[in-house]
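Encoded as structure tokens, the structure appears first; notes follow it.
Each value in this text was obtained by applying a stated rule to the coordinates, not by laboratory testing. Keep in mind the model is a prediction, meaning the values are calculated, not measured. In this analysis, Cβ positions are derived from the backbone assuming ideal geometry, glycine residues included, and neighbour counts consider all displayed protein chains.
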Amino acid sequence: MANAGSITPYFTIWTEPRATIRRIVDTDPTRNVIALATVGPAISMLASLWSKALGDNANLSAFWPISVLLYVAVAAAIGFVSLYLGGAVWRWAGSLLGGVASSVEVRAAIAWSSVPGIAGELVLLIAILLGLPVPQVTPQGMPRFDPAFYRITTFEGVIGIWSLVVLLKCIGEVHRFSAWRALVAGLIPPLIAVVSIALMLFLFALLVGHF
């Protein structure tokens, strides 16, 4: 069992997500939640800005470092807001399927399941800092890809898939149901949105047809 008071959960969340998140929510469900929610988007933004700078370093202004700080701060703020919005949505959707998690527990599940994704973003950032070839646009408008770029994006894809698996397992654990039910819960909000938009478009079409 992972010890929530040590560094252990950062490793066990990869292979034992359900046991790890259970230990965390049973001891301190707020531990590092805000930090995890904000660090990931911040690192992702930094990696994106740095890769763009390497591809067009001749046009960097003297204020580029300040703009980087602002963009990274905004990304972290978006991560914070997304944590609470996502937590509310996952708690509500899960409760429709019999879930019992509180908002605090759902936020813990979301934040801690982002550990693999954060690790992936760190690897990408380090690769860029070490000179990972960034795709360049040729005069014909088609980007040139280096084989190393394919390898790192493949790695990122695998990490992304596993992050989703960890998220579903963590959400399922705090709601005390299966990861498959967590997947269904995750599909409820976008399904409602699609149906609502389709219904509004249908009603609008009917309304227009009467004029």
In this structure, the FRET efficiency calculated for Val68 and Ile161 from their beta-carbon separation, with R0 = 45 Å, to the nearest 0.05, is 0.95
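Quickly rank 40-51, 79-90 as a protection proxy: mean count of other C-beta atoms within 10 Å, highest first.
Output ranking for 40-51, 79-90: 40-51, 79-90.
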Diffing segment 171-186: the Karplus 3J(HN,Hα) column from phi (6.51, -1.76, 1.60, θ = phi - 60°), in whole Hz with x for Gly and Pro, holds 4, x, 5, 5, 7, 6, 9, 6, 5, 5, 5, 4, 4, 4, 4, x
